[in-house]
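Below is one structure, written out as structure tokens, with a few remarks after it.
The values are calculated or read from the model by the stated rules, or taken from the named source; none is laboratory data. Fair warning: this is a prediction, and the values are worked out from it, not measured in the lab. Virtual Cβ from ideal backbone geometry, glycine too; neighbours counted across all protein chains shown.
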Amino acid sequence: MAINAISGPVSNGQDQSAKRKEAEVAKEAASEEAPGYGDGVEYWNKRYRGDPNPFEWLESFTELESLIKEATAGRTDATVLHVGCGSSLLPEAMYDHGYKDVTNVDIAEVCIQQMAERNRTLRPELKWFEMDATEMGLIESSFDTVIDKSVLDTFACGDNASSVINKYLLEAKQMMERCRPEKRLRALCTVGLVQLPLVAR
Ligand SMILES: C[S@@+](CC[C@H](N)C(=O)[O-])C[C@H]1O[C@@H](n2cnc3c(N)ncnc32)[C@H](O)[C@@H]1O
């Protein structure tokens, strides 16, 4: 599986709310204490219950658009698996730019419900599943492209990082291998807080 890895600072948001979010992410990144990702699904559900508004980790669609084009070979009809969607605006922006076939999964039931609700009427073709990215066998579809935005980071901060990451990457690879080889495209990963040597193009 070819993986595009990009790393770098959090997004340069334009408005005040984006700036506040940047500060929050930077504070978390700089904190001496582990941010709590290791607590798994409880941490994430609590976080989304506490703040149901969209929250963007790392880059936004604007910053990723050209990489997404590359990862989908310029085809807006690509079938895309977006892992660990959280409350990101990425699926919505992709949809509004023509990518209708985006399947979003996240282990946190709370954000999956919030996202499904937020998009039910406006973006009815987006799909939402509560699912552990290290056990995605229940998904029957195959995908041309897998997008991970700041999920590898999360695993890298949790317990048993290397075995969880291994398991996850194998699952993502299988999701893509189910497609016909000539259709198979790329995975796009964005990594912010931690540099992962295993992530290479
Ligand atoms: C750092 S946030 C990134 C959210 C979103 N991709 C973004 O860029 O704004 C990590 C996300 O991964 C999800 N997550 C954590 N462990 C997961 C797992 N095992 N399977 C699927 N999602 C997971 C969390 O619930 C959270 O929404």
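Points worth noting:
- Some residue of the stretch 161-181 being in contact (Cβ under 8 Å) with a residue 12 or more places away in the chain, surrounded by fewer than 21 Cβ atoms within 10 Å (Cβ to Cβ), outside any helix (DSSP H, G or I) and basic (Lys, Arg): yes
- The stretch 41-67, subset within 12 Å of the ligand (Cβ to nearest atom) and among the aliphatic types (A, V, I, L, M), residue farthest from the chain's Cα centre (by Cα): Val41
- Candidate set: the stretch 94-110, residues that are within 12 Å of the ligand (Cβ to nearest atom) and over 13 Å from the mean Cα position of the chain (by Cα); chosen: the one farthest from Phe143 (Cα to Cα): Val110
- Any hit, the stretch 7-21, residues being closer than 30 Å to Glu177 by Cβ and modelled with pLDDT under 85: yes
- Residues located in the stretch 119-128, provided they are surrounded by 15 or more Cβ atoms within 10 Å (Cβ to Cβ) and either in a loop (DSSP other than H, G, I, E, B) or touching a residue at least 60 places away in the same chain (Cβ under 8 Å) (or both): Arg123, Leu126
- Single condition Val199 does not satisfy, out of (1) within 18 Å of Cys85 (Cβ to Cβ); (2) at pLDDT below 85: (1)
- Subset tally (residues that are within 20 Å of Ile112 (Cα to Cα) and either charged (D, E, K, R) or surrounded by fewer than 23 Cβ atoms within 10 Å (Cβ to Cβ) (or both)) for the stretch 129-152: 15
- Long-range neighbours under 9 Å by Cβ, at least six apart or interchain, first residue over 25 Å from Glu59 (Cβ atoms) and free of Cβ contacts under 8 Å to residues at least 12 places away in the same chain within the stretch 132-154, second more than 6 Å from the ligand (Cβ to nearest atom) and part of a strand (DSSP E or B): Leu138/Phe129
For every residue, the table says whether it meets (1) within 13 Å of the ligand (Cβ to nearest atom); (2) aliphatic (A, V, I, L, M); (3) touching a Cys at 6+ places or on another chain (Cβ under 6 Å).
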| residue | (1), (2), (3) |
| --- | --- |
| Arg120 | no, no, no |
| Met131 | yes, yes, no |
| Glu135 | yes, no, no |
| Ile139 | yes, yes, no |
| Ser150 | yes, no, no |
| Asp153 | yes, no, no |
| Asp159 | yes, no, no |
| Ser163 | yes, no, no |
| Lys167 | yes, no, no |
